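The values are calculated or read from the model by the stated rules, or taken from the named source; none is laboratory data. These numbers were taken from a predicted model, which means no experiment stands behind them. Here Cβ is always computed from backbone atoms with ideal geometry, including for glycine, and neighbour counts include all displayed protein chains. Accessible surface areas use protein heavy atoms only, side chains included; no ligands, DNA or RNA. Shrake-Rupley method; radii C 1.70, N 1.55, O 1.52, S 1.80 Å.
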Number of protein chains: 2
Amino acid sequence: MNSNKPLFTVLLVKITVGLVCSLISAHQAIADQPRVDQPLPSWNESATKTAIIDFVRRVTEQDSPDFIPVDQRIATFDNDGTLWSEQPAYFQAFFIIDRVRTLAAQHPQWSTQEPFASAIKGDFKAIASSGHQGLLELTMATHAGMTTEQFDQIVKDWIGVAKHPQTGLRFTEMVYQPMLELLAYLNANGFKTFIVSGGGIDFMRPWAEQVYGIPPERVIGSSIKTKYELRSGQPVLVRVAEMNFVNDKAGKPVAIHHHIGRRPVMAFGNSDGDLEMLQWTSDQECPSLAVIIHHTDAEREFAYDRQSPVGRLDQALDIAAQKGWMVVDMKSDWNRIYPRPSND
Amino acid sequence: MNSNKPLFTVLLVKITVGLVCSLISAHQAIADQPRVDQPLPSWNESATKTAIIDFVRRVTEQDSPDFIPVDQRIATFDNDGTLWSEQPAYFQAFFIIDRVRTLAAQHPQWSTQEPFASAIKGDFKAIASSGHQGLLELTMATHAGMTTEQFDQIVKDWIGVAKHPQTGLRFTEMVYQPMLELLAYLNANGFKTFIVSGGGIDFMRPWAEQVYGIPPERVIGSSIKTKYELRSGQPVLVRVAEMNFVNDKAGKPVAIHHHIGRRPVMAFGNSDGDLEMLQWTSDQECPSLAVIIHHTDAEREFAYDRQSPVGRLDQALDIAAQKGWMVVDMKSDWNRIYPRPSND
């Protein structure tokens with residue numbers, strides 16, 4: 001999670017509205033494919049866009065002194081707040097709440113047992129006050145106890161219908177159009193793009209390929225343990241209620257090494273949770289670009305940074321200034337936020 | 001490790017000869033690229049070769065009822081005994097012994113302290129008798145305590161010069177030519193090939209791309225923990241003397257899910273350590289091919305199966321017969337073992 005607090009601790013705060021979970025037909029956000037000669041159309045003609053394009057040219061042109069061979073073109077992206085929105089809570093928190101409500105019928109005791117009772121009521125403040133332990137309980141109750149294939153289907157079913165309570169958009173419609181264009185632009189230039197998120201690895205994989213064009217093997221996230229079993233002779237992987245890895249802060253370079261085995265040359269984040277990934281990317285001899293997406297657009301999206309309980313961007317903003325990392329100003333650098341306007 | 005015993009427990013047994021660690025110029029094994037219209041030239045024209053080619057055609061031809069979309073063409077390969085030899089001990093054991101000898105100058109107490117004293121002497125029987133704990137000590141003493149970049153260089157330096165004590169070949173020259181051709185053939189048909197080995201993930205990555213054409217992000221193996229640190233302001237990942245994951249037996253499907261997030265449609269192994277990976281691959285609705293490499297050629301390589309301390313193939317051979325898994329008979333199915341004959 002993009003935060004300096006334990007996993008999920010701040011997952012649910014700041015929520016003041018209820019949840020809408022309508023059952024309407026699925027509509028996935030699809031990146032408009034920009035023309036190769038006019039990349040990044042949703043980025044304004046600013047110094048930011050120029051710097052990104054200049055960097056990519058500099059490392060991909062064969063005769064450039066900064067040329068990077070194609071197999072070393074690794075670009076890593078945080079997800080929450082970098083590829084899609086994360087306010088008023090990480091979107092995975094909405095999944096948790098919806099699942100608790102769905103499962104409540106099988107757990108009548110939840111109507112009076114915290115933190116489940118608050119989750120069922122949609123009282124996000126009360127949930128947050130249950131602390132790390134309460135949020136871990138909610139996570140395990142909704143993410144463990146089924147096979148990986150069952151969980152995959154549960155996420156697919158949910159992501160196809162659930163909507164953001166404020167925008168009325170499906171969560172996958174709240175991905176950033178400029179970042180979809182950037183992913184496509186980097187892929188077209190021989191980069192391998194990876195998600196490196198504090199969110200659940202198996203929460204992202206069911207839709208990341210369709211929405212971002214990033215296949216499951218290039219999605220890295222937090223995980224619970226799984227266990228191999230034969231059930232009636234058929235092999236299954238069962239999701240176990242025990243944390244495996246928290247992919248946040250100093251965990252991100254560790255997971256990047258474990259999954260990718262190479263150091264990224266580009267990294268994109270938006271919070272202090274991405275600081276170590278950005279350091280790991282920028283402080284090397286190879287040419288590199290470390291980028292922070294700064295949420296500055298209260299009108300079209302959300303504006304937050306240093307004091308935000310979700311997506312806190314404080315220390316990393318200071319270090320970005322010291323190190324000369326690129327800071328994307330969403331308000332001035334992007335002419336479009338989502339693939340389509342909200343409430344269409 | 002390909003065994004039904006704890007990690008490294010049988011790593012060193014059966015060794016009766018000393019180690020040769022000559023310093024001669026590097027010569028990497030390179031797969032001859034077969035012509036697309038005549039794939040797998042080092043495979044004899046047997047039912048095995050026909051079945052592999054038929055399977056690949058069946059799942060890649062657009063109008064086939066068994067067509068598998070390109071993004072789902074995942075093929076996983078064990079390493080020790082499947083892509084390169086593993087006798088008389090896993091080749092990583094030779095690395096450990098050579099490292100202990102190199103490091104002994106800094107640890108004078110090792111000359112009398114077990115299991116190091118036996119390692120320095122090259123007394124593999126005595127090492128094996130130190131049991132799991134002794135072998136874990138040797139592993140940590142040689143694999144931990146440095147940065148990931150330092151370890152990468154140590155492995156590269158070693159693999160460039162170390163030689164197998166019996167064949168006189170470099171270890172990377174003891175890869176199987178028929179398997180190199182198979183990897184190339186599958187890549188040409190849109191498959192993503194992954195190594196899924198009990199061997200160390202960071203022991204394989206430094207040379208797997210050059211030797212097998214498999215990039216670091218598609219190498220999965222056993223691992224120790226790493227820790228992110230800033231040293232004089234520079235970020236490093238430090239290898240810590242604590243196991244992270246043992247990628248053997250039921251761990252293989254777990255790691256496949258964690259790293260790849262998809263179920264393989266082809267899997268290749270050679271021992272009981274690969275049984276669960278083969279089950280996980282074969283027992284699904286999607287068309288699949290599970291393959292066991294059976295070491296039957298004492299003259300050109302090694303002959304072993306049910307009772308072998310290294311690469312024991314017992315239960316998996318029975319299940320292969322029940323399930324109809326393909327069993328490759330190295331002696332009759334392969335007209336060539338290594339890229340070049342030994343002792344050239």
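Among the residues of the range B:267-283, is there at least one that is open to solvent by 40 Å² or more (accessible area, probe 1.4 Å) and polar (S, T, N, Q)? Looking through the range B:267-283, none of the residues is open to solvent by 40 Å² or more (accessible area, probe 1.4 Å) and polar (S, T, N, Q). Residue B:312 is checked against (1) crowded, with 24+ Cβ neighbours inside 10 Å; (2) under 16 Å from the mean Cα position of the chain (by Cα); (3) not in a helix (DSSP H, G or I) and fails just one. What number does that condition carry? With respect to (1) crowded, with 24+ Cβ neighbours inside 10 Å; (2) under 16 Å from the mean Cα position of the chain (by Cα); (3) not in a helix (DSSP H, G or I), residue B:312 is out only on (1). Restricting attention to the range B:123-146, the residues that are crowded, with 17+ Cβ neighbours inside 10 Å and either within 21 Å of the chain's Cα centre (by Cα) or in contact (Cβ under 8 Å) with a residue 24 or more places away in the chain (or both) add up to 10. Of the residues examined, residue B:197 is one that is crowded, with 20+ Cβ neighbours inside 10 Å and either in contact with a Gly (Cβ under 7 Å, 6 or more places away or on another chain) or within 12 Å of chain A (Cβ to nearest Cβ) (or both). Residues that are assigned to a strand (DSSP E or B) and acidic (Asp, Glu) do occur in the range A:315-331. Yes or no: residue B:80 at pLDDT 95 or above and crowded, with 23+ Cβ neighbours inside 10 Å? Spelling it out, residue B:80 is indeed at pLDDT 95 or above and crowded, with 23+ Cβ neighbours inside 10 Å.
Is it the case that the range B:297-307 has a residue that's open to solvent by 10 Å² or more (accessible area, probe 1.4 Å), among the aliphatic types (A, V, I, L, M) and away from chain A (no Cβ under 14 Å)? Yes: the range B:297-307 contains one or more residues that are open to solvent by 10 Å² or more (accessible area, probe 1.4 Å), among the aliphatic types (A, V, I, L, M) and away from chain A (no Cβ under 14 Å).
Against the list (1) more than 30 Å from residue B:137 (Cβ to Cβ); (2) surrounded by 20 or more Cβ atoms within 10 Å (Cβ to Cβ); (3) facing chain A (nearest Cβ under 9 Å); (4) charged (D, E, K, R), the condition residue B:202 fails is (1). Beta carbons closer than 7 Å, at least 6 apart along the sequence or on distinct chains, pair a first residue in the range A:54-71 that is more than 14 Å from residue A:188 (Cβ to Cβ) with a second that is assigned to a loop (DSSP other than H, G, I, E, B) and of a type in the set (Gly, Ala, Ser) for A:58/A:64. The residue that is farthest from residue B:76 (Cα to Cα), among those in the range A:214-250 that are more than 8 Å from chain B (Cβ to nearest Cβ) and without any contact (Cβ under 8 Å) to a residue 12 or more places away in the chain, is A:232.
Of the residues examined, residue A:176 is not one that is of a type outside the set (A, V, I, L, M) and touching a Pro at 6+ places or on another chain (Cβ under 7 Å). With respect to the conditions (1) more than 9 Å from every other protein chain (Cβ to nearest Cβ); (2) modelled with pLDDT of 95 or more; (3) in a loop (DSSP other than H, G, I, E, B), residue A:286 lacks only one, and its number is (2). Checking the range B:67-88 against the condition returns a match, with at least one residue being small (Gly, Ala, Ser) and part of a loop (DSSP other than H, G, I, E, B). Within the range A:213-240, work out how many residues are within 17 Å of residue B:217 (Cβ to Cβ) and not in a strand (DSSP E or B). Here the count works out to 6.
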